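*Asks:* Pasting in a structure now, in structure tokens, and then I'll have a few things to ask.
Please treat every number below as a calculation from the coordinates, not as lab data. Given the structure is predicted, the values throughout are model-derived calculations rather than measurements. Glycine gets a Cβ as well: all are built from the backbone with ideal geometry, and neighbour counts include every protein chain shown.
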Amino acid sequence: MGLCIVTNYWLNSQGGGVREYTKNLVNALKDRGIEVNVIFREGEDPENYKMPNNKVKFIITAYKKLKEINPEVILSQGGWFTEIPAWLYKIRRKNAKIFVLFHTQFDRKLPFYKRLFYNFILNKFDNVGFVSKALEANVRNVAGLEIKVPTFILYAGAKAKNVDDKDIKKFKKDYNISGNRFILLGLGLTALKYKARGAKLLIDAVKILSEKGYPITLILTRDGRYSEELKKYAEDKKILKHVIFTGDVKDPYVPLALCDIYTHITLGEGLPISLLEAMAMGKPIIATPAGGIPEAIEDGKNGMLVSPDAEKIAEKIEYIIKNEDVKKKLGEHARKTAEERFSWERTAENLIKMITGVKS
């Protein structure tokens, strides 16, 4: 089976979770002997096919490349301009199978003309997929799309990673983190508006705890579009010395290994890979019940779910600080959940079963 992924984000791009999802899925498919090609708009990879940045040119050149590669299956993700080449290819090769995978939630209903266009394109596909059940509900109920073809859920995977002590020491030195600090971590919360709003609540919670005398440090990664706004917010709250903005980090597993609690406070989500990776690393997690997060986190068992309120977030953090046994239990159960339910091997297997029509 030859499979081609047509995507906006690929290696060495700013694609965040979508980039990591795609990279790990491709590796897992190749491990199972599947031939995979990637057509992409943003990123760099000499082994695959970069298309022009202009969306109209992307459509034309991606379609030409698909005819050249001649895949049996196409997985499209990242927007309408990745979907049109797959649809055009399907017109040419009627026995090809084409699929769409949604990663990102909508925050409002699409205008009528966009809904009309999306409904037309999406319903030309064999199946439409989502990275969480909540995201499917969002696409239908918030965006207002009417999907009439079969749908599927394709959860992300996660894996733990051993991190060298010297890398942790270097990270602490680079960002002037002393040994007696209690470290909170939020990965990628600077990139999107609904995540940045969650990051502000985290900053407010850190202010509450610091005023109580707790030696708290919050690490926020990624050079996102809201980074400067968040820095200004922390400065205005007179809490900037307790918040570290790292920008993009080469290896997110280093701050993951370092942190005491992984905090994913956001007002919207699909199902973030960073959350699943924190689970795989055995970290206690505090998260808002946004999007697909409750599909992975069971409150009080393998993490804590909290409403988007700074006081309540601070209360949860303080509770974990004061109860080492709870911290340990949450981390252990989080790791077990990741091992049992979220692996890239399972993701690849589920995609193959869906493509081939094999029922679990």
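*Asks:* Based only on other Cβ atoms within 10 Å, what is the fewest-to-most ordering of Tyr89, Tyr113, Tyr194?
*Replies:* Ascending number of Cβ neighbours within 10 Å: Tyr113, Tyr194, Tyr89.
*Asks:* Say we join alpha carbon atoms closer than 10 Å with springs in a Gaussian network model of the chain; which of Tyr155, Tyr21, Tyr49 then has the biggest fluctuation?
*Replies:* Judging by the Gaussian network model, the answer is Tyr49.
*Asks:* Let me ask something else. Taking the inverse of the average 1/r across all pairs of different Cα atoms in segment 165-341, what Kirkwood radius in Å do you get? It would help to have the intermediate numbers written out before the result.
*Replies:* Details: mean 1/r = 0.0631 Å⁻¹.
After inverting the mean inverse Cα-Cα distance, the result is 15.8 Å.
*Asks:* Neighbour counts of other C-beta atoms within 10 Å: give me Ser132, Ser307, Ser210 arranged from fewest to most. Write down the numbers at each step before the final one.
*Replies:* Working: Ser132 25, Ser307 10, Ser210 18.
The most exposed by this proxy come first: Ser307, Ser210, Ser132.
*Asks:* So, one more: Cross-link list Lys30/Lys67; Lys133/Lys283; Lys250/Lys353; Lys173/Lys316; Lys212/Lys336: which exceed 26 angstrom alpha carbon to alpha carbon? Before the final figure, lay out the partial values.
*Replies:* Details: Lys30/Lys67 22 Å; Lys133/Lys283 24 Å; Lys250/Lys353 34 Å; Lys173/Lys316 28 Å; Lys212/Lys336 34 Å.
Lys250/Lys353; Lys173/Lys316; Lys212/Lys336, as the Cα separations exceed 26 Å there.
*Asks:* By counting other Cβ atoms within 10 Å of each Cβ, how are Phe171, Phe58, Phe130 ranked from fewest to most?
*Replies:* Phe171, Phe58, Phe130
*Asks:* Report the calculated FRET efficiency for Ala137 and Lys312 (r = Cβ-Cβ distance, R0 = 30 Å), to the nearest 0.05.
*Replies:* Efficiency for this residue pair is about 0.75.
*Asks:* Under 13 Å Cα-Cα from Lys166, which aspartates and glutamates qualify once same-chain neighbours fewer than 8 residues away are excluded?
*Replies:* Reachable aspartates and glutamates: Asp174.
*Asks:* For a Förster distance of 45 Å, can you work out the FRET efficiency between the beta-carbons of Ala160 and Thr356, rounded to the nearest 0.05?
*Replies:* 0.90
*Asks:* Right, here's the next one. Based on the Cβ-Cβ distance from Lys67 to Lys173, what FRET efficiency comes out when R0 is 35 Å, to the nearest 0.05?
*Replies:* That pair, Lys67 with Lys173, gives E of 0.10.
*Asks:* Here's something else I'd like to know. For the pair Ile121/Lys193, report the inter-label distance in nm, with labels modelled 7 Å from Cα in the Cβ direction.
*Replies:* Placing both labels 7 Å beyond Cα along the Cβ direction yields 2.1 nm.
*Asks:* Consider a paramagnetic label point 7 Å from the Cα of Asn27 along Cα→Cβ; state which residues of segment 278-292 have an amide N under 18 Å from it.
*Replies:* Under 18 Å, as judged by backbone N against the label point of Asn27, lie 278-282 of segment 278-292.
*Asks:* Determine which aspartates and glutamates satisfy two conditions relative to Lys97: a Cα distance under 14 Å, and not lying fewer than 8 residues away in the same chain.
*Replies:* Straight-distance partners of Lys97: Glu72, Glu83, Asp126.
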